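Contents: one structure, followed by commentary.
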DNA sequence: GTGAAAGCGCTAACAG
DNA sequence: CTGTTAGCGCTTTCAC
């Protein structure tokens, strides 16, 4: 079955509906279905493209015969195209995965690639009629803009990298959640990596991110990160904000919580409960967060006149903290209260204390920091200071976005104010 | 200060060391430093590039004068280049962020871009001497391969997308952690997004991922996801594995835990503890995970002969679960034990029960599912069934990698075996 | 082994 | 407002 171009109805193009990547024919052309092809295997082909694009057709026979396929023409706004029905799924399959490009949208819509590009980028420079036409075609063909290709031209991948030291700690995953949310609101996408608090992995990740052309990075520096790293990153021209932890001071934008104030709230609360000998359960990993919390502790003690009953260090796990209970109890300062580096340690310590025959919240007061969700679940429930990591993540993301927009902006800090959450573990001092 | 090309020592090139993106000069040329320029601002320029690349220099004077800069030549393996000292940081800055490309490596190493490309991709087709030379230059210039540009040619971005419904639930973040780990081991990078269990956001994310050219997707389908979505994704030619939740059955690769077996373990344990009237605290969100757990519950009851004491539904929060305690206690089936959809609900339920004057683990047995870390912290500690989400994440990643390698591979399932973790909440039945 | 040339899909600059 | 042109940095033939 072959038809000459002359037989084609004048406005056949208008009857074509393109749905997904399969061409559906209008009534006028339904006769072609008699070829015995399933509707789904009807694919318009031109220059190896799926869908109804084609060069100008001069000689239908010439197109129809050599390939041994049944063809028929239709025309779109400006040109007469050839629609070529593929016999077998083999070729159809191969085409199915051929990308729909800007150029094809342009061809179908009868405009230039530049115009389509403008439409895609929502430029005001394009006429409304043109825009809607192009948008219609994009929707019909299921066009997806290739951001990677765009980046090659304009150096904006709309991708940012987030590096956290531990994905099993909900403090960091809440942080991540906030960052992801804001980035998505700003139409960006997050590349995620876990440094496991290892600087060499962190380097590795940074290189990889660089190779992927990220626009910027949110970094919670791994333990032991040197300030040189920051200058190196800046040397790459890679915008960065540090968060939760900070290397150096004011070397980059930074989002975090006011750890010192948080610790002060905790200590004041304990002192208010009548405690005057307070110990600190710290963590082994040396980060700015640790230093701030420790300094805050010393400062708060000085302010309140309470006594430093000593510091114990534990690994950042429940077991580690539980195991440190004995050391805490053996502290020469005979603490009546313990402030913990974070809730994970606090929860572990409470387990360990109970194993050692002491009732946390009764015999000894415990306060955590961070107010992770688990603080509500421990027994007794854990008094803690909320640091709002989800918010910090969001702030970090906003700082980064701001910097992407204006690289020369002055270095900024976003600090969230902590909030004391009083629960049962911070009992009044037993007499 | 100008020198003619003739005055340049024959093997000056050999004395050049390129460190980072700054050129350091060997002793032979140290005289040039007398110009009064800081070493750091010495930048080799050619065609706006940083570092010592240049066209062949025919006429040194011509290069030196018009730009008003001090120049001197050196030669590399094959060609004579010009090294141009920039006066001001203005221009130097602009250049600093100019990318080092394959072509520049090639020019410096004196080979073709194709050869460098082969080296980068570790092809065996390149001579050892050439390889080491090229690698040296890459290290010197701090070359980073642009994966986005590579993808444009070869359609492999080494990027995969992971879509989870909730980043605040550690079940999913542990999952994520496993997936990220495996992907990084395989030298891939993870694009992360949070669907918030919303199908329209999920669509949005998928489009965005598509635009970023991900090689594949790991999907924990949002509540209400239709099987059509899967066929659509497949229609895009986008490899995908489902995980933790499944839409349809065997439509795609799948990694998960054997929820039914997990529930069976829990019920058997409870029955072994003397409980015969068991309730189920379920969740409102309708997902395959919920259905499997419910079905498993029914089946396990049938197997053990225990009695279904009724089901209560709660929102997936502590408050929701705590609030449901009254309903659980009012169940006409008078349960002596409650199996909970997951640990979050179990923990919340225990809080609620205690508020209602019942002692969980004493008056009523509680078992959770998932064995989140928090199970060890509740009081009493929570008996739960470990589903090992970190492992599931890793398995999902491996399934996806496998499919990327062989798209025609048969559809596969990876199911991890759950493990019962007995703790205090699953007391023997009170008499 | 290596080099030259042709794109991948997109956008910036400029000319109409 | 729209079209033309010239690449972005890389890989892939296909010669040599």
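The values are calculated or read from the model by the stated rules, or taken from the named source; none is laboratory data. Everything quoted here is computed from the prediction, not taken from an experiment. Quick reminder, even Gly has a Cβ in these numbers, built from the backbone with ideal geometry, and neighbours come from all protein chains shown.
Just a few scattered comments:
- Unmet requirement for residue B:158, which otherwise passes all of (1) away from DNA strand C (no atom under 16 Å from the Cβ); (2) closer than 28 Å to residue A:237 by Cβ; (3) in contact with a strand residue (DSSP E or B) (Cβ under 7 Å, 6 or more places away or on another chain): (1)
- Pick from the stretch A:132-154, criterion facing chain B (nearest Cβ under 9 Å) and outside any helix (DSSP H, G or I), ranking: farthest from the chain's Cα centre (by Cα): A:142
- Pair list, Cβ under 8 Å, 6 or more apart: the stretch B:114-126 residue touching a residue at least 12 places away in the same chain (Cβ under 8 Å), other residue in a helix (DSSP H, G or I) and near DNA strand C (Cβ under 8 Å from one of its atoms): B:115/B:106; B:115/B:130; B:116/B:106; B:119/B:130; B:119/B:131
- Entry remark, the stretch B:98-120: residues being under 30 Å from the mean Cα position of the chain (by Cα) and more than 7 Å from DNA strand C (Cβ to nearest atom) number 9 in total.
- Of the criteria (1) under 31 Å from the mean Cα position of the chain (by Cα); (2) at pLDDT 95 or above; (3) under 23 Å from residue A:372 (Cβ atoms); (4) not in a helix (DSSP H, G or I), which one residue A:285 fails: (2)
- Number of the exception - residue B:149 against (1) at pLDDT 95 or above; (2) within 16 Å of DNA strand D (Cβ to nearest atom): (1)
- Count of the stretch B:283-316 residues which are surrounded by fewer than 15 Cβ atoms within 10 Å (Cβ to Cβ) and either assigned by TED's automatic domain parsing to the domain that holds residue B:246 or farther than 25 Å from residue B:249 by Cα (or both): 1
- Residue in the stretch A:263-279 that is on the phi > 0 side of the Ramachandran plot and more than 9 Å from chain B (Cβ to nearest Cβ) present: yes
- Single residue of the stretch A:121-141 satisfying the filter (within 12 Å of DNA strand C (Cβ to nearest atom) and out of contact with any helix residue (DSSP H, G or I) (no Cβ under 8 Å at 6 or more places or on another chain)) that is farthest from residue B:151 (Cα to Cα): A:127
- Highlighted here are the helices (runs of 4 or more DSSP H) found entirely within the stretch A:316-387 that include at least 3 residues which are within 14 Å of chain B (Cβ to nearest Cβ) and either at pLDDT 95 or above or out of contact with any strand residue (DSSP E or B) (no Cβ under 8 Å at 6 or more places or on another chain) (or both): A:318-323, A:343-355.
- Of all residues in the stretch A:115-131 being surrounded by 13 or more Cβ atoms within 10 Å (Cβ to Cβ) and assigned to a helix (DSSP H, G or I), the one that is farthest from DNA strand D (Cβ to nearest atom): A:120
- Residue selection: residue B:267 satisfies the criterion of being part of a helix (DSSP H, G or I) and surrounded by 23 or more Cβ atoms within 10 Å (Cβ to Cβ).
- Looking only at the stretch B:415-431, and only at residues there that are more than 33 Å from the chain's Cα centre (by Cα) and over 20 Å from residue B:377 (Cα atoms), the one that is surrounded by the most Cβ atoms within 10 Å (Cβ to Cβ): B:429
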